[in-house]
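First the structure, in the form of structure tokens, and then the observations on it.
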Amino acid sequence: MQFSNPDIDISTLPKAEESKLLPVDERHYTVVMYYQVMYWIIFFLATLIVMILNKEFHSWMMVGITLISFTVFCFLSFRLSFLNFKNKAYAFREHDILFQTGWLKKTLHVCPYNRIQHCSVDAGVFERNLGISKLKIYSAGGNNSDIVIPGLTPEDANSMRELIIRKNQQE
């Protein structure tokens, strides 16, 4: 038997970037904002307590610098969260799942169905109140989920989970 290893024409390979990606539901951004607001309220209260307890912060200049810094960081945090949300998208194809994240550094995750160990549908308090959930997909070689698709209706998330289970049974 003769060993052969011919070259492959790269231009003929399928391109994941050409797939039509679906954006996550707008309600997911509301969930992100709830978490952001909670974080910034706690951070503001902690800063306020430190400023009250520490005599060095009792000058108007320190209060002004602190408030301006807090406002700038809060604005940046909300803006970056929005950009991150706007660049999340997913697609289900015949042999794999695509999930795109990032705005500064775009990442396209490709997870073949035959590499998926299991998947779950999850919804936190805010997600349940807004009628959305997330699909967590776990592949071989790790405890953490490889892909988390947020902002799905529970019906869509469950049907996607069933699709993954069927695809795994076929392969």
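The values are calculated or read from the model by the stated rules, or taken from the named source; none is laboratory data. In this text, all values refer to a predicted model and were calculated from it rather than measured experimentally. Every residue, glycine among them, receives a Cβ derived from its backbone with ideal geometry; neighbour counts consider all protein chains shown. Surface accessibility is based on the protein's heavy atoms, side chains included, excluding ligands, DNA and RNA. Shrake-Rupley method; radii C 1.70, N 1.55, O 1.52, S 1.80 Å.
Here are some notes:
Yes or no, residue by residue, for (1) at negative phi; (2) β-branched (Val, Ile, Thr); (3) touching a residue at least 24 places away in the same chain (Cβ under 8 Å); (4) part of a helix (DSSP H, G or I):
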site	(1), (2), (3), (4)
THR71	yes, yes, no, yes
TYR90	yes, no, yes, no
VAL110	yes, yes, yes, no
PRO150	yes, no, yes, no
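- Yes/no for VAL148 being under 14 Å from the mean Cα position of the chain (by Cα) and of a type in the set (A, V, I, L, M, F, W, C): yes
- Residue within the range 124-134 that is of a type in the set (A, V, I, L, M, F, W, C), open to solvent by less than 30 Å² (accessible area, probe 1.4 Å), in contact (Cβ under 8 Å) with a residue 24 or more places away in the chain and not in a helix (DSSP H, G or I) present: yes
- Verdict on ILE137 being within 18 Å of SER19 (Cβ to Cβ), touching a Cys at 6+ places or on another chain (Cβ under 6 Å) and open to solvent by less than 60 Å² (accessible area, probe 1.4 Å): yes
- Count of the range 129-154 residues, restricted to those that are out of contact with any helix residue (DSSP H, G or I) (no Cβ under 8 Å at 6 or more places or on another chain) and modelled with pLDDT of 80 or more, is 8.
- Scanning the range 97-108 for residues being without any contact (Cβ under 8 Å) to a residue 24 or more places away in the chain and either under 15 Å from PRO14 (Cα atoms) or of a type in the set (S, T, N, Q) (or both) gives a total of 2.
- Matching residues, the range 10-36, being open to solvent by less than 90 Å² (accessible area, probe 1.4 Å), out of contact with any strand residue (DSSP E or B) (no Cβ under 9 Å at 6 or more places or on another chain) and either free of Cβ contacts under 8 Å to residues at least 12 places away in the same chain or part of a loop (DSSP other than H, G, I, E, B) (or both): SER11, LEU13, LYS15
- If you go through the range 101-123 and keep only what is among the polar types (S, T, N, Q) and either over 16 Å from TYR29 (Cβ atoms) or open to solvent by 50 Å² or more (accessible area, probe 1.4 Å) (or both), you end up with THR107, ASN114, GLN117, SER120.
- Condition check for SER59: polar (S, T, N, Q), over 21 Å from the mean Cα position of the chain (by Cα) and at pLDDT below 90: yes
- Residues within the range 37-69 that are of a type in the set (Val, Ile, Thr) and either closer than 30 Å to GLY102 by Cβ or in contact (Cβ under 8 Å) with a residue 12 or more places away in the chain (or both), tallied: 7
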